[in-house]
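Undergrad: My structure is below; once you've seen it, I'll send some questions.
The values are calculated or read from the model by the stated rules, or taken from the named source; none is laboratory data. The shown structure was predicted, so the numbers you read here are calculated from the model rather than taken from an experiment. Backbone-built Cβ (ideal geometry, glycine too); neighbour counts: all protein chains shown. Just the protein is used for accessible areas: all its heavy atoms, side chains included, with ligands, DNA and RNA removed. Shrake-Rupley method; radii C 1.70, N 1.55, O 1.52, S 1.80 Å.
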Amino acid sequence: MRTLLRYGLATLLALAVAGCSSKTTSTPSTTATASPTPGVSGDSITVTASSAGQTLSLTDQSGNVAAFTFPEAAGTVLLGTMLTVGVQQTAPTGAPASVARRIRGTRGTLSTGAFDDFFTISATQSYTLTTPPGIVITGTAANPFAAGTYIVQLGVVGGSSYTTLGNATLANNVLTYSPSAGGTPPQFPIVAGTTYIIQISM
């Protein structure tokens, strides 16, 4: 089953990367700095992409803090490449229909047994990560995570479906998604002009 999921992810990523240029140049050596912009749809951060990997912190509308860890690049990153990551608790416009559970059009305070975080990823120039990003979400004392199964899925804006990546584990009010938990993960190409969605839902 894990092998089938890995092949499904590889197929989705291969379709997204089709037609992408293989041109490479030198890698930026500066450390990325984040400029969070909270808003009604959650947090959004734009940073300089780093070939060495980087961790970005985001806060969703319920106050949960998500550490989003990008692994090292599987090659060079074009100079001036900007990476944008966002989080919101409603499906982005153009998101596929969820296969795990229904997507609620609106939400207020988290209710017991229900959770959605949608992480969006885009870059100004194409590059490839050695694995999909890892995610650690720390819940609030006022709104603790309910016990249950949290499914992690990958899609693209304008796509027709999600691919299941695996599950996030829950311990001490912290949700953790590790790409390597289901075996050896495939590389993760980020194609310029494509907005990727990682959905964590219960």
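Undergrad: For a quick check of your reading of the model, give me the residue pairs whose first member lies in segment 183-198 and is more than 18 Å from residue 72 (Cβ to Cβ) and modelled with pLDDT of 95 or more, whose second is among the aromatic types (Phe, Trp, Tyr) and not in a loop (DSSP other than H, G, I, E, B), with beta-carbon atoms closer than 6 Å and at least 6 apart or on different chains.
TA: Close Cβ pairs (under 6 Å, with a partner that is among the aromatic types (Phe, Trp, Tyr) and not in a loop (DSSP other than H, G, I, E, B)) amount to 197/118; 198/119.
Undergrad: Would you please name the residue that is modelled with the lowest pLDDT, looking only at residues in segment 40-49 that are under 25 Å from residue 168 (Cα atoms) and open to solvent by less than 50 Å² (accessible area, probe 1.4 Å)?
TA: Top of the filtered list is 42.
Undergrad: Now for a separate question. Can you pull out the residues in segment 137-178 that are closer than 18 Å to residue 94 by Cα and out of contact with any Leu (no Cβ under 9 Å at 6 or more places or on another chain)?
TA: Within segment 137-178, 157, 158, 160 meet the criteria.
Undergrad: For segment 55-69: of the residues being of a type in the set (A, V, I, L, M, F, W, C) and open to solvent by less than 60 Å² (accessible area, probe 1.4 Å), which is farthest from residue 199 (Cα to Cα)?
TA: Out of the qualifying residues, it is 56.
Undergrad: Looking at residue 52 and the list (1) open to solvent by less than 30 Å² (accessible area, probe 1.4 Å); (2) at pLDDT 55 or above, which single condition is not satisfied?
TA: Only one criterion is unmet by residue 52, namely (1).
Undergrad: Out of segment 157-176, which residues are open to solvent by 50 Å² or more (accessible area, probe 1.4 Å) and either in a loop (DSSP other than H, G, I, E, B) or not polar (S, T, N, Q) (or both)?
TA: Scanning segment 157-176 gives 157, 158, 160, 161, 170, 171, 172.
Undergrad: Does segment 79-104 hold any residues that are at pLDDT 95 or above, more than 17 Å from residue 62 (Cα to Cα) and open to solvent by less than 30 Å² (accessible area, probe 1.4 Å), and which are they?
TA: Of everything in segment 79-104, those that are at pLDDT 95 or above, more than 17 Å from residue 62 (Cα to Cα) and open to solvent by less than 30 Å² (accessible area, probe 1.4 Å) turn out to be 81, 83, 85.
To keep it simple, each residue is scored yes or no on (1) open to solvent by 40 Å² or more (accessible area, probe 1.4 Å); (2) under 20 Å from residue 84 (Cβ atoms); (3) in contact with a Lys or Arg (Cβ under 9 Å, 6 or more places away or on another chain); (4) at pLDDT 90 or above.
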residue: 106; (1), (2), (3), (4): yes, no, no, no
residue: 111; (1), (2), (3), (4): yes, no, no, no
residue: 118; (1), (2), (3), (4): no, yes, no, yes
residue: 141; (1), (2), (3), (4): yes, no, no, yes
residue: 146; (1), (2), (3), (4): no, no, no, yes
residue: 150; (1), (2), (3), (4): no, no, no, yes
residue: 178; (1), (2), (3), (4): yes, no, no, yes
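Undergrad: What are the residues in segment 180-202 that are under 25 Å from residue 46 (Cβ atoms) and open to solvent by less than 20 Å² (accessible area, probe 1.4 Å), if any?
TA: 188, 189, 190, 191, 196, 197, 198, 199, 200
Undergrad: Taking the stated definitions as given, is residue 76 at pLDDT 50 or above, in a loop (DSSP other than H, G, I, E, B) and touching a Lys or Arg at 6+ places or on another chain (Cβ under 7 Å)?
TA: Spelling it out, it is not the case that residue 76 is at pLDDT 50 or above, in a loop (DSSP other than H, G, I, E, B) and touching a Lys or Arg at 6+ places or on another chain (Cβ under 7 Å).
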